[in-house]
1. Being assigned to a helix (DSSP H, G or I) and surrounded by fewer than 20 Cβ atoms within 10 Å (Cβ to Cβ) is the filter here; which residues of the range 21-50 pass it?
2. So, of the residues in the range 49-75 that are of a type in the set (S, T, N, Q) and in contact (Cβ under 8 Å) with a residue 12 or more places away in the chain, which turns out to be farthest from residue 102 (Cα to Cα)?
3. Would you be able to tell me the number of residues in the range 53-87 that are crowded, with 21+ Cβ neighbours inside 10 Å, within 17 Å of residue 21 (Cβ to Cβ), of a type outside the set (A, V, I, L, M) and at pLDDT 95 or above?
4. Could you grab me the full set of residues in the range 35-50 that are under 15 Å from residue 10 (Cβ atoms) and over 11 Å from the mean Cα position of the chain (by Cα)?
5. If you take the residues in the range 1-12 that are within 21 Å of residue 67 (Cβ to Cβ) and over 10 Å from the mean Cα position of the chain (by Cα), which one is modelled with the lowest pLDDT?
6. With (1) assigned to a loop (DSSP other than H, G, I, E, B); (2) touching a strand residue (DSSP E or B) at 6+ places or on another chain (Cβ under 8 Å) as the list, and residue 67 as the residue in question, which single condition is left unmet?
7. May I ask you to list the residues in the range 70-110 that are acidic (Asp, Glu) and assigned to a loop (DSSP other than H, G, I, E, B)?
8. Within the range 100-117, track down each residue that is under 17 Å from the mean Cα position of the chain (by Cα) and either modelled with pLDDT of 95 or more or of a type outside the set (A, V, I, L, M, F, W, C) (or both).
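The values are calculated or read from the model by the stated rules, or taken from the named source; none is laboratory data. On a predicted model such as this, the values are computed, not experimentally measured, just so you know. A quick note on method: Cβ atoms are made from the backbone with ideal geometry, for glycine too, and the neighbour counts reach across all protein chains shown.
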Amino acid sequence: MGQYVRHVFVCTHGEFCPFDGSADVHRLLKEGVAARGLKKSVRVNKAGCFNQCGNGPMVVVYPDNVWYGKVTLDKARRILEEHIVGGHVVRDLVYDAPPGPNKNGARMSEINAARDAAGTRTPGES
């Protein structure tokens, strides 16, 4: 067995997950684990892109190999309580996609349009 019972990764980098609140999701999970005294058995890390752009924020839980997409703060609370603490996969929140990149072009376009309107996207970004 590895160092941790569960290792949780939250995409906090790239062009899309941060726009959808991934930093807040990461913070909620990390603080929730700490508040429950689980820091020695559960590790919550920031992660780079999972190549699922437009389907985030993405949260991946290992060794369970469970992926969650479009994670809001409410969904993160459920993942924390039911999966990370309780040990039961939150079936209705599972991100089920074929292996490999699965980009949501429509959502990516929405985010880019919002970033363009706000003047926060630099030339050359997707």
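1. Matches in the range 21-50: 23, 24, 27, 30, 31, 32, 34, 35.
2. 72
3. The total comes to 3.
4. 42, 43
5. To start, the set of residues in the range 1-12 that are within 21 Å of residue 67 (Cβ to Cβ) comprises 2, 4-12.
Filter once more, so that each one left must be over 10 Å from the mean Cα position of the chain (by Cα): 2, 4-7.
On the way: 2: 71, 4: 94, 5: 95, 6: 96, 7: 97.
Restricting to residues being within 21 Å of residue 67 (Cβ to Cβ) and over 10 Å from the mean Cα position of the chain (by Cα), the top hit is 2.
6. Among (1) assigned to a loop (DSSP other than H, G, I, E, B); (2) touching a strand residue (DSSP E or B) at 6+ places or on another chain (Cβ under 8 Å), residue 67 violates only (1).
7. Within the range 70-110, just 96 meets the criteria.
8. Within the range 100-117, 100, 101, 102, 103, 104, 107 qualify.
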